[in-house]
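Report on the following structure.
The values are calculated or read from the model by the stated rules, or taken from the named source; none is laboratory data. From a predicted model like this one, the values you see are computed outputs, not experimental measurements. All Cβ positions, even for glycine, are placed from backbone atoms using ideal geometry, and neighbour counts span all protein chains on display. Keep in mind that these areas ignore ligands, DNA and RNA; they rest on the heavy atoms of the full protein, side chains included. Shrake-Rupley method; radii C 1.70, N 1.55, O 1.52, S 1.80 Å.
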Amino acid sequence: MRLARLFILLGLLAAMPAAAVDVPVDLPPPAATPPAKDKPVKVYILSGQSNMVGFGAVKPASPHYANIFLSADPAVEPTGLPVGNALLTKHGVYQSAETDAPAGAIASVYPGEYSPDASNEKVAAVKREPVALGHMKATLPSISEPHTVVVTAFIDVPYDGNYEMHPGYGPSRDCTAELDGKVVYSLAENGKTVLAKATLEKGNRYPIRITYKQGGSAALWLKQVDLHGYGDLGFVVDTLGRFRYLRAEDGSWVKRADVILNDAYLGKGASAPHGVEACGPTFGPELGFGFVMGTFHDEPVILIKADIGNRSLGWDILPPGTQRYTYEVDGEVQVCPGYGENDRTIQEGGKPGPDEWYAGKQYDDFTTSIRAVLDTFGERYPEYKDQGYEVAGFVWWQGHKDGGNPGHIAHYEQNLVNLIKAWRKEFNAPNATWAIATVGFHGKDMVEHYVKIAEAQLAVADPKRHPELAGTVKTIDARPFWRLANISPKNQDYHYNHNAETYMLCGDALGRAMVELEGGTVEYPAGGMVKPVDAPPLLQPAGGDALDRLIPAITPIVMDALLPEFAGEAASIPAYLRRGVPLDSILGGKAPDRASPIIESQLDHMIAHYDLCGIDTYDWKPFGPEMKGGEWQYFTFDPPETKNDPEGNRYRPVTLPAGMEHWFAVDFDAAQAGWKNGQAPFGQKDGKQEPLSPGCTVPYCGCSTPPATLWDKEVLLMRQTFEVPPLDSKHRYRIVVGGAGHPWSGEGFALYVNGKLVSEATEGYYKSGGQARGAIVYDNLLPEFADGKVTIAVKAFLRRNGFRGKAAAPSGQMSVWLESSELSPVASEVANRLKH
């Protein structure tokens, strides 16, 4: 009887629901009932630096690669390609579906020309042998009589996705490919390929059958299509299935009426119902944190954010009560000012001026902005005026800027304790809880100085180290939330690669930590160092010998895909991405209304495609007489318009020596004017005839060559008349003004042809640069070369300013030359189209 009662009791207990938690793993939708009005509003203050500001991407991420190509060539290792923003990686080709099958395919040669109505299997193959399918240099077997070749194999891919098959190269492109019984490639009569994409899964092998009408190369390459980005919020919610509570049933982003987000510092107190749209195009941990706290509380919740990027706790946000301290770096004693001090006051005494930065100024600015919201609470939130507010807790995520400073690292723990105490006092919240997130850059592979910051952040919550904070501070470790760049919207580690999942996991964990500090119960979702998707790696483009070894594998990809794609899309590439003159402009040959001194063009990028295949036929090459190292007439002088300050450009209007007002004219008599003859290049480095950059390999620069003639004074005038061969309409021409072609080097110039100013650069290379400069020979310049003679003249200035506007020793390098590029078949096709 007792046993029966026991079984009944156990059955009843089993039927009872488990004890409910305040915050489950999957958050419920916001409550339909209005929040309570009989309790103070819960206010949480969130602060830190840029990652608290937030870089979690809301907008759908772009694919990291515009193209992903796969090859079975043995030389291929996963690498980036220097054209087409492309990844080249491996796929497998096997003779059978068996796991131990040999690589390659089986080729069968059948007599008779190809006929779509004939079945090759009705006659016996006259030859059957293995073939290295996928190797461009491998040749399909053949016989002397007319024949058809059928190749069978099994292929696999390293990533799930949709793919196109591209068999053959040159004559062997005339074929038909079937994958798993479905035609996925054929060549139409007009020479265009007909493609059908196939969905392939990693780990499976798929039968492929290729029927060749002509012999030749056994090339086969694959292209992954329908590429997408990773790590944006929509991807995290809709593809990974995380944080579904952010989406409403109609697909829109949920707004919480019971939680308000106030951007106190950057937004100057702007408020909005909490949700994705309130956070803006990017978000921080406030998004996940706010949804957790809204789930936990019956009363309204207000999140006050006060944060900005590039701020350290050891200086900018240094809290009151922090005293000056010293630390040692490489044997030298460094001083860290105490709160309210700056380096000037330490040296000179007194207080910082109103516009000066000092230790703790950002603390003061944050505090003032938060205070401005709380002091006008009733005006800002009249609906909550009667119930008032309670500063319930603080959330802190910061530490990046402190990581590079040994003194900041050593004192981070105590500085954070001081901050906790200072803000509790400032906002009359002695019992307010603190949820802190560690830095998490690179997860388990975090560099040592950030490990020390994370350890300090964890130590603050240790009751043995800080018993006065016991039970009121909790630190969550953000390192498991790190996501690699290849599954994130950007490759920017200090902003967690803009990965929305990282920011959501961090905010969610901070919220659950806060709930526990306030006595609530929570469930934690599974997290950790698990890649949510198997994405291709982010790789730098190959170069040197590694690139040379890839030529056979990439030639069909470049010639049959990337090159035609570039030619077709060049006109639609925006100016900020194309880096120079549009392809249609240089191939069309018509001078623009306003020519730029930058002569790099999309034709250079087209040439780079050929260079990638080991074809240098279409490179820019010297044309006409020797100019780069030839003899020029020249004159140097220091103008009366001196410029002593190191900042700004040296190129400027100056007074020319008497009688030289028309120094660039064709009929100017340089010898009579006292000019000298000298061999190019002209230059100096701090008064010496030394190369500016001995290791420079930039072809349009030349600053690795020692100057043949000393450029001894600030302004250089050089000119010469050259005999030039006739120009060919099947080529394009340009005048290159060489010299220091690198960032933070070079100066402005003026270039004249037969007395006409054809190009002018008013500044040198500063923070950006590194593009060829000079003039393109458009239709307006062609007549200047018609009689076989041309006078070229250049004015240039020595550079005397260095990095970030600091004074530098005088330097300069100057040479000028003509170049021509033979138009490739693809370039000629574009040029002919532009004519008509």
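Observations on the model:
- Being assigned to a strand (DSSP E or B), of a type in the set (Ser, Thr, Tyr) and crowded, with 17+ Cβ neighbours inside 10 Å is a property that holds for residue 185.
- Here the range 645-683 is the region considered, the condition is being among the small types (Gly, Ala, Ser) and closer than 27 Å to residue 628 by Cβ, and the residue that is most open to solvent (accessible area, probe 1.4 Å) is 671.
This table checks each residue for (1) farther than 23 Å from residue 293 by Cα; (2) open to solvent by less than 40 Å² (accessible area, probe 1.4 Å).
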{"position": "220", "(1), (2)": "yes, yes"}
{"position": "242", "(1), (2)": "no, no"}
{"position": "245", "(1), (2)": "no, yes"}
{"position": "255", "(1), (2)": "no, no"}
{"position": "259", "(1), (2)": "no, yes"}
{"position": "262", "(1), (2)": "no, yes"}
{"position": "267", "(1), (2)": "no, yes"}
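- Residues of the range 749-773 satisfying the condition of being open to solvent by less than 40 Å² (accessible area, probe 1.4 Å), modelled with pLDDT of 90 or more and out of contact with any helix residue (DSSP H, G or I) (no Cβ under 9 Å at 6 or more places or on another chain): 749, 750, 751, 752, 755, 759, 761, 773
- Only one entry in 496, 503, 450 is on the phi > 0 side of the Ramachandran plot and of a type in the set (Phe, Trp, Tyr), namely 496.
- Residue within the range 469-480 that is within 23 Å of the chain's Cα centre (by Cα) and part of a loop (DSSP other than H, G, I, E, B) present: no
- Residue, least open to solvent (accessible area, probe 1.4 Å), within the range 136-164, restricted to residues that are of a type outside the set (Val, Ile, Thr), part of a strand (DSSP E or B) and closer than 17 Å to residue 108 by Cβ: 153
- Of 597, 537, all but one fail to be touching a strand residue (DSSP E or B) at 6+ places or on another chain (Cβ under 9 Å) and closer than 26 Å to residue 225 by Cα; the exception is 537.
- Residue satisfying condition, being more than 30 Å from residue 26 (Cα to Cα), touching a Pro at 6+ places or on another chain (Cβ under 9 Å) and either of a type in the set (Gly, Ala, Ser) or open to solvent by 40 Å² or more (accessible area, probe 1.4 Å) (or both), within set 561, 542, 546, 567: 542
- Of all residues in the range 803-823, those that are under 23 Å from residue 785 (Cβ atoms), open to solvent by less than 40 Å² (accessible area, probe 1.4 Å) and not β-branched (Val, Ile, Thr) total 8.
- Residues that are open to solvent by less than 80 Å² (accessible area, probe 1.4 Å), farther than 12 Å from residue 143 by Cβ and either modelled with pLDDT of 65 or more or not polar (S, T, N, Q) (or both), drawn from the range 112-123: 114, 115, 118, 123
- The set of residues in the range 290-308 being touching a helix residue (DSSP H, G or I) at 6+ places or on another chain (Cβ under 7 Å) and either part of a helix (DSSP H, G or I) or over 15 Å from residue 390 (Cα atoms) (or both) consists of 291, 292, 293, 296, 305, 306, 307, 308.
- Residues of the range 599-641 that turn out to be part of a strand (DSSP E or B) and open to solvent by 40 Å² or more (accessible area, probe 1.4 Å), as a count: 5
- Once the range 240-273 is narrowed to residues that are in contact with a Lys or Arg (Cβ under 9 Å, 6 or more places away or on another chain), of a type outside the set (A, V, I, L, M, F, W, C) and assigned to a strand (DSSP E or B), the residue that is farthest from residue 28 (Cα to Cα) is 263.
- Only one of 102, 171 that is surrounded by fewer than 15 Cβ atoms within 10 Å (Cβ to Cβ) and closer than 27 Å to residue 546 by Cα: 102
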